[in-house]
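The values are calculated or read from the model by the stated rules, or taken from the named source; none is laboratory data. Source: prediction; values computed, not measured. Cβ placement follows ideal geometry from the backbone for every residue including glycine, while neighbour counts extend to all protein chains displayed. Side chains included, ligands, DNA and RNA excluded: accessible areas come from the protein's heavy atoms. Shrake-Rupley method; radii C 1.70, N 1.55, O 1.52, S 1.80 Å.
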Amino acid sequence: MATTLVDLTRPLEDAFSRAITYLRVSVTDKCNLRCIYCMPEAGFQWLQRAELLSYEEIVRIVRAAASVGVRAIRLTGGEPLVRRDLHRLVRAIAQVPGIDDVSLSTNGLLLEESVDALCAAGLRRVNISLDTLREERFASMARREGLARVLAGIDAALARGLAPVKINCVVMRGRNDDELDDFAQLTAAKPLYVRFIEVMPAHENLELQRDTYIGADEIIEHLSRNHDLLPVAGPRGNGPARYFGYAGAPGAVGVISPLSHDYCERCNRVRLSADGRLRLCLFGDQHVDLRTAVRTGASEAELAALLAGAMLIKPERHHLRLGEASSRMRALSEIGG
Ligand code: SAM
Ligand code: SF4
């Protein structure tokens with residue numbers, strides 16, 4: 001392996017002095033749902049098995065990342081729980097020195113049956129995607145049945161003591177924007193943190209995104225009109241959301257606004273795609289191939305050097321504007337959204 005002139009005694013920092021401490025790891029590009037804003041009905045041209053990083057390969061990369069200051073790992077996808085025995089990966093990552101936070105983003109369909117093994121392996125918190133509380137809408141927005149299973153997954157996560165349990169809800173005009181108060185009500189009864197997310201342009205959803213986009217300000221205005229909701233501090237954990245809650249409620253609702261108010265200045269994250277590319281920005285194509293390195297015997301120090309070198313191409317910010325989309329935009333499920 002070629003050596004790179006980077007300082008491995010210092011934590012990862014990009015060219016804009018942002019410390020990179022958070023790695024999102026996609027374990028598969030496949031999914032058991034087809035959310036309309038994320039994936040075409042027919043799915044994608046899925047990766048071949050040999051193209052996917054093995055759990056052992058992922059752990060080697062995580063070790064290298066931890067050696068240069070990464071502290072938090074989120075497992076995502078596609079749908080991470082469709083990959084067999086995900087708890088094995090959780091356990092291995094939780095044991096990596098320096099990693100003090102292992103979390104999961106899931107659509108919740110398979111959570112109830114896997115939550116015990118995941119918790120025993122060291123999972124501490126979970127984000128569950130849910131865009132509607134109505135059965136018939138679930139089938140039209142996710143293009144599959146399953147609301148009852150997701151709700152059972154949420155309850156199982158709470159019962160098992162995962163905390164915080166965050167619900168990610170992509171808000172779309174005319175599709176589910178009449179359910180904001182119903183989601184807020186959930187947080188009055190249970191320690192749930194519902195985050196409303198602006199729909200982002202990706203792949204084939206450009207027209208849908210343009211037609212259904214609702215900005216965070218409008219969502220906040222709606223929540224603020226509900227006089228019982230007050231600005232509150234959110235839960236711990238890496239997120240850029242702003243939160244509101246009912247007085248004395250165990251949970252809260254929040255808003256994430258990647259488009260209308262980007263949080264690039266505070267960006268602390270990079271992504272590892274299921275086929276081993278380190279992606280430097282959700283909205284850009286900048287990436288470094290780590291799979292070749294890991295498969296040709298790179299040492300931990302050499303992998304760490306590649307990570308440190310990759311910081312030089314992390315862009316300062318994304319340049320998406322409302323109503324515009326880059327033709328190179330990829331689906332979040334492809335890159336570990
Ligand atoms: N399958 C898992 C899930 O749904 O939570 C993990 C992967 S999914 C790509 C991660 C998150 O990205 C989900 O909360 C999903 O709603 C969100 N997402 C996907 N495509 C999006 C888009 N175009 N705009 C906004 N959020 C999106
Ligand atoms: Fe699957 Fe998650 Fe994309 Fe929905 S958002 S299609 S659950 S990867």
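In the set (1) assigned to a helix (DSSP H, G or I); (2) open to solvent by 10 Å² or more (accessible area, probe 1.4 Å), THR187 fails one condition alone, (2).
Of everything in region 263-300, what is of a type in the set (Asp, Glu) and either in contact with a His (Cβ under 9 Å, 6 or more places away or on another chain) or closer than 20 Å to ARG317 by Cα (or both)? Give them in sequence order. Step through it out loud before you land on a result.
The initial filter retains those residues of region 263-300 that are of a type in the set (Asp, Glu), namely 265, 275, 285, 289, 300.
Within region 263-300, GLU265, ASP285 meet the criteria.
Quick grid of which residues meet (1) touching a Leu at 6+ places or on another chain (Cβ under 7 Å); (2) in a loop (DSSP other than H, G, I, E, B):
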{"residue": "ALA117", "(1), (2)": "no, no"}
{"residue": "LEU151", "(1), (2)": "no, no"}
{"residue": "ALA157", "(1), (2)": "yes, no"}
{"residue": "GLY161", "(1), (2)": "no, yes"}
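Right, ARG143: under 25 Å from CYS38 (Cα atoms), surrounded by fewer than 16 Cβ atoms within 10 Å (Cβ to Cβ) and among the basic types (Lys, Arg) or not? The answer is yes for ARG143. Scanning region 108-126 for residues that are within 17 Å of the chain's Cα centre (by Cα) and free of Cβ contacts under 8 Å to residues at least 60 places away in the same chain, we see that the one that is surrounded by the most Cβ atoms within 10 Å (Cβ to Cβ) is VAL126.
ILE61 fulfils the conditions (1) more than 16 Å from ligand 1 (Cβ to nearest atom); (2) in a loop (DSSP other than H, G, I, E, B) except for a single criterion, (2).
Name the pairs: first residue in region 94-107 and assigned to a helix (DSSP H, G or I) and of a type in the set (S, T, N, Q), second residue open to solvent by 30 Å² or more (accessible area, probe 1.4 Å) and within 16 Å of ligand 1 (Cβ to nearest atom), Cβ to Cβ under 9 Å, at least 6 apart or on different chains? Close Cβ pairs (under 9 Å, with a partner that is open to solvent by 30 Å² or more (accessible area, probe 1.4 Å) and within 16 Å of ligand 1 (Cβ to nearest atom)) do not exist here.
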